């Protein structure tokens, strides 16, 4: 089976590629932005020429929120999904796995329940709106052309190769290693779910031959606070961490997720706990 990873040199795409390349039953094809820049006109034609009709396509390409949450990047992300969708109509792959984001639920939306795949979306950022728009476009394209689609929504993904230095496990770890001050908004007591990068690649490997279609949150069901992240980092490094607390710019919001659907689909999959993932991230950065 041929598996095509669109965006194979990015943080998530690179990990998926590394996990799949170790599985000899797959022929892996990686497509980077240098090969096909999906922001550009006519890129859909180039991409469709590369993708055979019987392949599985994993779509990771996109511009991260950390690089700017503005209308210009929103426009580019829409161009990327438009051109990708046009290529899918022409090439008609056997299956498409689209990497979306839990940002579609809204980063600052208050929920009095665990978020599930049935929770109505409320994106509040250009990034979240772009991801949800991409989901809707792909649903329409796949329905009209009888294509199999999985929409995968991971929470904040962390690990060594995430160079965006965002607010969370990776950014905190890099700042500690570089001797920089870590800014903590409020007391860091808001709950979020984080997923270690290797888990994403392993889950994708298991989903390639799975018949599931629709939306799937890539969540363990275990949330942590930003304070938890820092306390575990202190334990791992056994040293003082330079932290500066600042007044919140927004109200405190907690997010917890239901993992019922992913448990049903993956069964015995074991997510990496935060302390283990942080330790791996830290060791990888300093080595």
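The values are calculated or read from the model by the stated rules, or taken from the named source; none is laboratory data. Given the structure is predicted, the values throughout are model-derived calculations rather than measurements. Neighbour counts are summed over all protein chains in view; Cβ atoms, including those assigned to glycine, are modelled from backbone coordinates with ideal geometry.
What the table below lists for this structure:
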read-out	value
Residue count, region 167-186 (criterion: in contact (Cβ under 8 Å) with a residue 12 or more places away in the chain, farther than 11 Å from residue 229 by Cα and assigned to a helix (DSSP H, G or I))	3
Total residues in region 121-152, condition free of Cβ contacts under 8 Å to residues at least 40 places away in the same chain and either at positive phi or not in a helix (DSSP H, G or I) (or both)	5
All positions within region 233-277 that are in contact with a strand residue (DSSP E or B) (Cβ under 8 Å, 6 or more places away or on another chain), under 23 Å from residue 190 (Cα atoms) and surrounded by 18 or more Cβ atoms within 10 Å (Cβ to Cβ)	255, 257, 259, 271, 272, 274, 277
Residue match in region 187-203 (condition: exposed (fewer than 15 other Cβ atoms within 10 Å of the Cβ) and not in a loop (DSSP other than H, G, I, E, B))	no
Some residue of region 26-34 being farther than 19 Å from residue 82 by Cβ, touching a residue at least 40 places away in the same chain (Cβ under 8 Å) and touching a helix residue (DSSP H, G or I) at 6+ places or on another chain (Cβ under 7 Å)	yes
All positions within region 37-69 that are in a loop (DSSP other than H, G, I, E, B) and either within 19 Å of the chain's Cα centre (by Cα) or crowded, with 18+ Cβ neighbours inside 10 Å (or both)	38, 51, 55, 60, 61, 62, 63, 64, 68, 69
Condition check for residue 13: modelled with pLDDT of 95 or more and touching a helix residue (DSSP H, G or I) at 6+ places or on another chain (Cβ under 6 Å)	no
Matching residues, region 143-186, being under 27 Å from residue 245 (Cβ atoms), more than 22 Å from the chain's Cα centre (by Cα) and surrounded by fewer than 21 Cβ atoms within 10 Å (Cβ to Cβ)	177, 178, 179, 180, 181, 183, 184, 185, 186
